[in-house]
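Peer 1: Take this structure first; my questions come after.
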Amino acid sequence: MGEAGDWHNSFLHGDNPRTRLVNLERWLCEQFVATADKLKAITAPDGSGTLFDQTLIMWARDMGDAVVHNGDLRFVFSGGAGGYLKTSPEGRYIDAADAPHQQVLLSCCEAMGLSDFSGFGDANGARTPYGPLAA
């Protein structure tokens, strides 16, 4: 199990870890949605839409399935990122399963106006393509 104060092992590897994890994920999802809803209710300072339209919110976990330590990561983006993100009333799903997660992070950088990715990751290594997601 783990030593006293070892929240990781007691939370994820104790009795009913999936129940606790599902409850935690539900709460995190509710917070994510509540944040998006608050941003939708505030007019952007320049009057062009709402803060939601100008903001990029990303929800990610550091491990896909924390109970079994599977690194299959999922990311959720919300907001318009000032027009950077292509949007749809029903939402969009991008299957980037074969892309390294660094591309998601570089897409966030690009959405915020950063385009010099030198010094980030391994530009010459096995992780290709290097740069933001194409979608």
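Peer 1: State all residues of region 78-92 that are in a helix (DSSP H, G or I) and surrounded by 16 or more Cβ atoms within 10 Å (Cβ to Cβ); if no residue qualifies, say none. Please lay out each step first, then the result.
Peer 2: Pass one, region 78-92, residues in a helix (DSSP H, G or I): 81-83.
The answer is A81, G82.
Peer 1: If you don't mind, there's one more thing I want to ask. Could you list all residues from region 91-126 that are more than 14 Å from L73 (Cβ to Cβ) and at pLDDT below 75?
Peer 2: Just the residues of region 91-126 that are more than 14 Å from L73 (Cβ to Cβ), to begin with: 91-93, 106, 109-126.
Hits for region 91-126 are S118, G119, F120, G121, D122, A123, N124, G125, A126.
The rows are residues; the columns are (1) at pLDDT 95 or above; (2) within 24 Å of the chain's Cα centre (by Cα).
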position: E3; (1), (2): no, no
position: D6; (1), (2): no, no
position: D15; (1), (2): no, no
position: T19; (1), (2): no, yes
position: R26; (1), (2): no, yes
position: A34; (1), (2): yes, yes
position: I42; (1), (2): yes, yes
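Peer 1: Would you say D62 is within 25 Å of C109 (Cβ to Cβ), modelled with pLDDT under 80 and exposed (fewer than 14 other Cβ atoms within 10 Å of the Cβ)? Even if it seems obvious, please write down each step before you answer.
Peer 2: Numbers: within 25 Å of C109 (Cβ to Cβ): yes; modelled with pLDDT under 80: yes; exposed (fewer than 14 other Cβ atoms within 10 Å of the Cβ): yes.
So D62 passes the test.
Peer 1: If you don't mind, another one. Yes or no: F52 surrounded by 16 or more Cβ atoms within 10 Å (Cβ to Cβ) and either over 23 Å from E110 (Cα atoms) or modelled with pLDDT under 90 (or both)?
Peer 2: For F52, the condition - surrounded by 16 or more Cβ atoms within 10 Å (Cβ to Cβ) and either over 23 Å from E110 (Cα atoms) or modelled with pLDDT under 90 (or both) - is not met.
Peer 1: Still on this structure: Would you pick out the residues in region 70-85 that are modelled with pLDDT under 80 and either hydrophobic (A, V, I, L, M, F, W, C) or over 14 Å from V104 (Cβ atoms) (or both)?
Peer 2: Correct list: N70, L73.
The values are calculated or read from the model by the stated rules, or taken from the named source; none is laboratory data. A quick note: this is a predicted structure, and the numbers were derived from the prediction, not measured. Cβ: placed from backbone, ideal geometry, glycine included. Neighbour counts: every protein chain shown.
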